[in-house]
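Beneath this line is the structure, given in structure tokens, with notes to follow.
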């Protein structure tokens, strides 16, 4: 598959999420079906992007982002049942609500907002942090995270003996695990969660 196919799958997934968030009631029975469809589209996207991109770092970043979006969609549609609450029937308002909530992980500006978030207002500059400062902070964090992942990806490959298929299972061969493998596993897990 090509990158264009992957892009179309991602666009379809995002479009379905926007449509359902902006135009269906919280108890609508189509929501779980759309959540399952978004999951399928995410899985197909991952298959397509794996074939389309040579860089495993970029594949990992895009794949992770799509799975995060898939989980966010499931949360919005099925668990928290987020929906458009205004009385305005305007398509533009509904679409804007759907798009603004695609990556609104903390529910800012919705009835499902996570606590401990300062209010946002472009008319009241005294409210801190301002939207621009928060966006700059997120952009900085994203760039630094990408650079850290790039450094990880640029490292030489690990010793093939340490990651051989025979060493995948830990509990079935606990008596054969040596200190070198324990140290390797510790740093592999630590770097993954970093």
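What follows is calculated from the coordinates using simple rules that are stated; it is not laboratory data. As the structure is a prediction and not an experimental result, all values here were calculated from the model. Positions of Cβ are backbone-derived with ideal geometry, glycine not excepted, and every protein chain shown enters the neighbour counts.
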Extension gain residue 28-residue 71, at 0.36 nm per residue separation less the Cα-Cα distance, in nm?
-> 13.6 nm
Give the distance, in whole Å, between the Cα centre of segment 69-84 and the Cα centre of segment 4-42.
-> 10 Å
Between residue 5 and residue 153, take the C-beta separation as r, use R0 = 22 Å, and let me know the FRET efficiency to the nearest 0.05.
-> 0.35
Quick one: if you take sqrt(5λ) for each eigenvalue of the C-alpha gyration tensor of segment 3-113, what semi-axes come out, biggest first, whole angstrom?
-> 27, 13, 13
Estimated distance in nm for a label pair at residue 96 and residue 187, the labels positioned 7 Å out from Cα along Cα-to-Cβ | 5.2 nm
